[in-house]
1. In the structure displayed, which of A:LYS40/A:LYS67; B:LYS26/B:LYS69; B:LYS26/B:LYS103; B:LYS56/B:LYS103; A:LYS9/A:LYS36; A:LYS41/B:LYS103 lie more than 18 Å apart, Cα to Cα?
2. At 0.692 mPa s and 37 °C, plugging the Kirkwood radius over alpha-carbon pairs of the stretch B:31-90 into Stokes-Einstein gives what diffusion coefficient in µm²/s?
3. Considering the options A:TRP34, A:LEU11, A:ASN62, tell which one lies farthest towards the positive end of the dipole of chain A, charges being +1 on Lys and Arg and -1 on Asp and Glu at the Cβ, about the Cα centre.
4. In Å and whole numbers, how far do the C-alpha atoms of the stretch A:13-113 stretch along each principal axis, longest first?
5. Provide, as a two-decimal number, the C-alpha radius of gyration of the stretch A:1-43 over 2.2 N^0.38 Å, N being how many residues it has.
6. For B:GLN14 and B:GLU53, compute 0.36 nm times the residue count separating them, minus their Cα-Cα distance, and round to one decimal in nm.
7. Let me know the longest stretch in chain A that avoids all trypsin sites (Lys or Arg not before Pro) found in a DSSP loop with at most 14 other C-beta atoms within 10 Å.
8. Using Cα positions and a limit of under 17 Å, work out the aspartates and glutamates in reach of A:LYS44, with same-chain residues fewer than 8 apart set aside.
Amino acid sequence: DTAVSQTPKYLVTQMGNDKSIKCEQNLGHDTMYWYKQDSKKFLKIMFSYNNKELIINETVPNRFSPKSPDKAHLNLHINSLELGDSAVYFCASSQRQGEYEQFFGPGTRLTVL
Amino acid sequence: SQQGEEDPQALSIQEGENATMNCSYKTSINNLQWYRQNSGRGLVHLILIRSNEREKHSGRLRVTLDTSKKSSSLLITASRAADTASYFCATPRSGYSTLTFGKGTMLLVSP
């Protein structure tokens with residue numbers, strides 16, 4: 001059973017479109033995260049939710065909107081996609097908020113044309 | 001803001017050799033973690049070392065932590081081709097709300 005799953009694995013779309021990435025964890029964790037990994041492999045935190053509440057909202061354009069319908073799911077919706085949004089997006093979870101071990105999903109490679 | 005920084009950025013060795021990667025960080029921490037990322041995959045947790053520990057082992061991995069120098073090292077002994085991956089150190093972000101990851105060391109182990 002996959003602990004943290006993301007769909008889709010690959011997403012290729014045109015500039016200006018709106019797209020969503022879904023994430024689910026079956027570990028019973030309280031906290032979930034979205035990260036963006038650029039072409040140089042730098043991993044940057046975007047959002048963190050703890051028990052469905054937004055905890056971290058980094059300086060991310062408001063075209064990015066996370067939604068947590070329950071503590072096992074954290075989806076990422078992106079409006080008006082731009083070329084610079086091309087990256088690999090990782091979802092992760094941890095038992096609780098803070099300095100705990102994080103479990104990562106397989107990533108979603110987004111390519112904006 | 002970025003906390004940990006790995007060195008070297010890339011390392012190429014032969015199977016059977018040892019690989020050492022270093023991580024330096026800026027502020028006081030409670031723990032430091034190491035993660036591995038295989039190509040096209042998510043990060044996988046390897047080991048966590050607490051600030052009151054100096055050394056920790058897990059299989060072929062040995063991690064050291066020197067809080068006075070604000071640095072950590074990851075040693076992989078008797079490396080295998082399957083160890084080829086990027087390795088990241090992660091430290092608690094200020095406020096301890098999450099982790100901050102370094103830029104990683106890319107390790108290539110050739111058969």
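1. From A:LYS40/A:LYS67; B:LYS26/B:LYS69; B:LYS26/B:LYS103; B:LYS56/B:LYS103; A:LYS9/A:LYS36; A:LYS41/B:LYS103, over 18 Å: A:LYS40/A:LYS67; B:LYS56/B:LYS103.
2. Roughly 272 µm²/s, to the nearest whole number.
3. Projecting each Cα onto the dipole axis, the largest value belongs to A:LEU11.
4. 37, 28, 24
5. Ratio of Rg to 2.2 N^0.38 Å for the stretch A:1-43: 1.42.
6. So the chain would gain 11.0 nm between B:GLN14 and B:GLU53.
7. A:64-95
8. Partners found: A:GLU58, A:ASP85, A:GLU99, A:GLU101, B:GLU5, B:GLU6.
Any read-out appearing in this document is the output of simple, stated calculations on the displayed coordinates, not a laboratory observation. Because the structure is predicted, anything quoted here is derived from the model rather than measured. Cβ sites come from the backbone with ideal geometry, for glycine too, and all protein chains shown count toward neighbours.
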